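Below is one structure, written out as structure tokens, with a few remarks after it.
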Amino acid sequence: MVVLMYAGMFALDPLYELLPGFAGVSDPWSRLPVLSNFAMALNMTIPMTLYMICKRHSWGAIAEMSAAMFLPAVLTSGPFLVGSMTAGTMMTLSHAAMIPLMGLAAILRFTIMRSGARRVK
């Protein structure tokens, strides 16, 4: 999954850099840090989602993994916007939190599915 996330960054980040350029914004990574934080999450989510669809994961599991990608961006944008966090810290914390949140989502899904299966019997 992490390899796919990196592939998404390398493949889609150049596209992200082009789009703001059409609006006259050069270097969106430093000039638009909040948007860039969400763009990075999206760029990593797209290949992960496609892979999960190919592997026939449920839409619930795909939604949970996608939420795990975007939740850190949401949570770190607030402190950045009020000035209590730098752009670099916002991006670093967002990316560092993605993997543990994905693991937590998978553990919770497995635990809930397993406990639900016991109740049926």
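For region 1-119, what does the relative contact order come out to in percent, with C-alpha contacts under 8 Å and a separation of six or more? Don't skip to the answer; put the middle values down first.
Details: 87 pairs, mean separation 29.1, N = 119.
It comes to 24 percent, rounded to a whole number.
Counting each DSSP H run of 4 or more residues in the chain as -39500 (n - 2.57), what helix-only mean residue ellipticity at 222 nm follows after dividing by all residues, to the nearest 500 deg cm²/dmol? Working shown, then result.
Values: 5 runs with 104 residues, N = 121.
It comes out at -30000 deg cm²/dmol, rounded to the nearest 500.
Hey, rough spin-label estimate for Thr111 and Phe10, points 7 angstrom out along Cα→Cβ, what's it come to in nanometres?
The answer from the label model is 3.6 nm.
If you take semi-axes √(5λ) of the Cα gyration tensor in Å from the coordinates, which of [x] 20, 17, 14; [y] 39, 26, 9; [z] 31, 18, 10 do you get?
The calculated read-out lines up with [z].
What length, rounded to one decimal in nm, is gained on full extension from Val74 through to Val34, with 0.36 nm per residue of separation minus their alpha-carbon distance?
Values: separation 40, 0.36 × 40 = 14.40 nm, distance 0.91 nm.
Stretched out fully, the Val74 to Val34 stretch lengthens by 13.5 nm.
Which whole-Hz ³J(HN,Hα) couplings does region 79-91 yield from phi under the Karplus relation 6.51 cos²θ - 1.76 cosθ + 1.60, θ = phi - 60°, glycine and proline marked x?
These are the phi-based 3J(HN,Hα) values: x, 5, 5, 8, x, 9, 8, 7, 4, x, 5, 4, 5 Hz.
Compute the FRET efficiency between Ser26 and Ala67 as 1/(1 + (r/R0)^6), taking r as their Cβ-Cβ distance and R0 = 35 Å, and round to the nearest 0.05.
0.65
Bear in mind these aren't lab numbers, they're just calculated from the coordinates by the rules spelled out. Worth saying up front: this structure is predicted, and the values here are computed from it rather than measured. Heads up, the Cβs are rebuilt from the backbone with ideal geometry, glycines too, and the neighbour counts pull from every protein chain shown.
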